[in-house]
Structures are given as structure tokens and as C-alpha cells.
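The values are calculated or read from the model by the stated rules, or taken from the named source; none is laboratory data. Since the model is a prediction, treat every value here as computed from it, not as a measurement. Heads up, the Cβs are rebuilt from the backbone with ideal geometry, glycines too, and the neighbour counts pull from every protein chain shown. The area values use the complete protein model at the heavy-atom level, side chains included, leaving out ligands, DNA and RNA. Shrake-Rupley method; radii C 1.70, N 1.55, O 1.52, S 1.80 Å.
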Amino acid sequence: MKKLYIYLLAGALVSIFALGWVIDTYNQQTAPIENSFEWQSKLMSGLAIQVAEKKPDARLAATTVIAEQFGLHITYKDGDTLAMPTELKQQMLLPEGLVIENENVYLLKTTPDMAPDYIELEWRPEVEQADYDVLLTLFFYGGICAILWFILSPLVKRLIVLNTAAKHFASGNLSARITPNHFTYIRDLENTFNRMASQIEKLMAENKLMASSLSHDIRTPVACLRFGLDAALDEDDISAIHDYLERMEKDLDQMEDMLSSYLSFATLEQKSHLLKHESTSLSRYGNDLMEQMQPKLQKNQLSGRVEVPDTLSITGDLHWLARAISNLISNACDFATSTVLLSAYRSEHWLTITVEDDGPGIARQNWDKVFSPFFQEQTHRNRAGKSYGLGLAIVAKVMDWHHGKATVSQSERLGGAKFVLSLPCKEK
């Protein structure tokens with residue numbers, strides 16, 4: 001939106017100054033060349049000399065004759081009757097004379113021989129500028145409107161595009177997006193709408209997937225519970241009834257774990273705005289995480305290695321990043337044969353963290369699916385005990401929160417799965 005404000009302000013200022021300059025230039029070019037009293041001053045200078053050559057008692061008559069001959073309103077005045085400061089009276093001796101502007105214009109002129117008497121030229125200036133000024137005013141405001149329309153028309157078009165996309169999205173077309181355009185002032189708003197639409201579409205897809213997965217996965221423990229309950233009701237042996245009850249308790253525990261995992265994932269998005277960004281040494285951070293996984297590593301008789309340069313640091317919500325990395329290490333422990341490796345390096349704009357193992361790896365056709373909620377490879381099902389295919393989905397969501405990405409491939413060093421977390425970082 002900052003770009004919009006700048007364009008509006010710049011457009012208004014440019015239109016005002018540019019149109020003002022054009023109008024002033026045109027006005028100067030079309031204005032009368034004689035915009036002063038040059039010819040009147042020359043005329044009165046000559047007349048004042050001619051009148052001054054006359055005898056004082058003949059000057060009035062001579063002035064009257066000259067006025068009639070020239071057809072001008074020229075009169076001879078007695079200077080003693082003129083109520084005017086001496087400084088102004090002195091100006092009548094100057095070549096241009098003294099100009100007094102009222103409803104009419106008066107030009108007073110005298111000579112040293114004539115002073116303090118003087119001759120006066122009176123005339124009414126012609127006003128021809130009124131209609132012309134109205135046209136210039138209309139041109140000025142019309143020009144401002146035209147320039148602002150030229151600037152705002154792309155905004156109106158993009159707002160129409162945004163409104164159309166919003167209507168389609170509200171009508172149920174969750175794939176409605178705004179196509180990027182270079183000629184737009186609201187790119188941030190359009191990108192925000194696209195991100196919001198993508199996030200809503202993803203949440204809706206996850207909710208549908210969770211509902212279908214939950215309804216599918218919960219059928220097995222419910223069927224086991226019903227079978228155990230029916231068997232217990234038909235059984236007379238107390239010890240056999242206790243066996244059935246113990247199995248039913250395990251089924252209930254499984255259902256409780258399943259529902260807890262699903263609900264935890266469903267409410268995960270609500271915590272995205274609570275992120276607290278901090279920085280720490282990545283080497284110490286990685287070693288601490290690997291140390292926390294030592295019980296599982298020892299149980300599976302695995303070796304956990306950390307190869308992170310001491311100079312690297314990591315910035316983000318350290319709690320959720322730790323959960324994402326721990327999920328990858330735990331996942332690697334479930335399938336590794338002997339080694340789990342945590343490493344990291346920094347490129348120009350990215351901090352890359354990798355978790356590798358020497359297990360069977362992940363089939364190439366499933367590389368784009370493993371981060372989807374509730375996805376599990378058939379060969380890996382039930383290998384990790386209470387696993388519902390949410391660990392890697394949480395990893396992907398945490399990376400989305402940090403504007404990063406999570407990918408998987410085959411490890412060149414160990415031969416198993418290689419999970420890569422890429423976090424954006426500022427240049428040093």
C-alpha cells in the first residue's frame with residue numbers, strides 16, 4: 001500500500017505543478033506585449049514639454065486643444081490643490097510619470113518649468129480577461145482530474161480483479177487466485193489475498209483429509225472393542241473376561257492416542273501467530289537435540305553424529321524448529337541401520353539443515369507425498385509404533401511458518417533418506 005500512497009501523492013503534486021507551469025507559460029505568451037504604461041508615459045512626456053513652453057495663463061487652453069485633437073481625456077491641473085505627499089509629487093517629474101490606479105487609471109506628468117502644476121491623463125482600461133481566466137481555471141482542474149484518472153485507472157482495474165477473485169473464492173472456488181501483474185499499486189494486498197486463499201485451501205484440504213483418515217483409522221479399534229465386549233459378555237470364565245478387558249483397554253489407549261494426535265495437529269495452525277524468534281548457535285543447538293534423542297538411539301543401537309560448523313547460527317522460533325528437527329531425527333531412528341547424521345551449511349540466502357540415515361530410504365514416487373498429513377508408506381506402517389503420519393506434516397508446517405521449505409531425497413553419504421530443511425537468512 002505504500003506504493004499506492006506514493007503514486008497518489010506524486011501524481012497530485014506533478015499534475016498541480018506541471019499544469020500550473022503550462023498555464024503560466026501560455027498566459028505569458030498570449031498576454032499583451034504592452035502590459036505597462038509605456039506609450040502613455042511617452043505621450044504625456046511630450047505633451048508636458050509642449051504645454052510647459054506655453055505661458056502659464058495659456059497652458060489650460062493649450063491642454064484643452066490637445067485633448068480634443070487626440071481624443072483623450074487630458075486636463076491641466078493646479079498643483080496646489082493636489083493633496084499628495086511631496087515624495088509622490090516628485091515622481092511626476094520622472095520620465096514615466098506618476099500612475100494612480102483606481103476604477104480608472106490616472107497618469108500625472110509635469111516638468112520643472114510647469115511644477116507644481118501638472119497635466120493628467122485619465123482612461124478606463126479594457127477588461128478582457130474574465131472569460132479567459134475561467135477557461136484556464138477549467139483547464140487546470142480538468143487536467144488534474146485527467147492525470148489522476150490516468151494514475152488511478154490501474155488501481156480501479158486491479159480492485160475489480162481482486163473483487164472478482166474474492167467473489168469466486170466466497171462462492172466455493174477455493175482455487176481462485178489473482179494473476180500477478182507488474183502494473184499494480186496493490187501488489188502487497190494481492191499477494192496477501194493469494195497467501196490467505198492458499199492457506200484456507202490447505203486448511204480445508206487438511207480438515208477433509210483428517211476427517212476421512214480419522215473415520216477410517218478409528219474403525220479398527222472400535223471393531224476390536226465391540227468384538228471384545230461381545231466376547232466378554234458371552235464368557236463365563238473370569239480370567240478370560242479380564243483378558244478381554246485388558247485388550248479393550250489397549251484399544252481405548254490407542255483410540256485416545258489417535259484422537260490426541262489428530263486434535264493436536266488440527267489446532268496446530270492456531271499457534272502460528274505465537275512464534276517467538278530468537279537466535280542461537282546452531283552447533284550447540286544441534287548437539288542438544290541429538291543428546292535428547294540418545295535414549296532412542298541407544299535403544300535401536302544407533303550412532304548419532306552432528307556435523308555443524310561452530311560459526312553457524314540459527315534464527316527462528318527455537319521451540320518449533322527443535323520439534324521439526326527432532327521429528328526428523330526420531331523418524332531416522334525408526335529406519336536407520338547404524339547411523340543418523342545431522343549436518344548444516346549456509347549459502348548466500350539460505351541456511352540448510354540435513355538429517356540423513358543409512359536405512360532403506362523413501363521411494364522416489366513418494367518424495368512429494370511424505371509431508372502430507374496422515375501419509376505413510378506401506379512398507380513403513382506400524383514400524384514406529386504409535387505413528388499416524390503426522391510427524392513430517394508438522395515439519396512441513398513449521399517450515400511454512402518460517403517461510404522455508406522441507407524436501408526429501410536419497411542420501412549420497414549414507415544411502416538412506418535425506419531430509420533437507422531450508423531456512424531463509426539475511427546476508428551478513
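Once you have the Cα-Cα distance between Ile160 and Ala232, take 0.36 nm times their residue separation minus that, and quote the gain in nm to one decimal.
19.2 nm
Going by average Cβ density within 10 Å per residue, which order do the peptides 331-343, 48-60 take, highest to lowest? Before the final figure, lay out each step's value.
Details: 331-343: 21.0, 48-60: 14.6.
The packing order, highest mean first, is 331-343, 48-60.
Past 32 Å, Cα to Cα, is the threshold; run Lys296/Lys397; Lys250/Lys296; Lys276/Lys299 against it and keep the listed order.
Among Lys296/Lys397; Lys250/Lys296; Lys276/Lys299, the Cα-Cα distance tops 32 Å for Lys276/Lys299.
So, with a 1.4 angstrom probe, what is the percent of accessible area on the range 49-158 that is carbon and sulfur? Provide the component values of the computation, followed by the final result.
Details: 4440 of 7390 Å².
Carbon and sulfur atoms account for 60 percent of the accessible area of the range 49-158.
Give the separation of the Cα centroids, the range 228-242 to the range 71-111, in Å.
Here the two parts' Cα centres lie 133 Å apart.
Please arrange Arg346, Arg247 by accessible surface area, largest first, computed with a 1.4 Å probe and ligands excluded. Don't skip to the answer; put the middle values down first.
Numbers: Arg346 80, Arg247 145 Å².
The most accessible residue leads, giving Arg247, Arg346.
What FRET efficiency, computed as 1/(1 + (r/R0)^6) with R0 = 56 Å and r the Cβ-Cβ distance, is obtained for Asp400 and Leu148, rounded to the nearest 0.05? Could you put the intermediate results ahead of the total?
Working: r = 41 Å, r/R0 = 0.72.
Taking R0 as 56 Å, the efficiency between Asp400 and Leu148 is 0.85.
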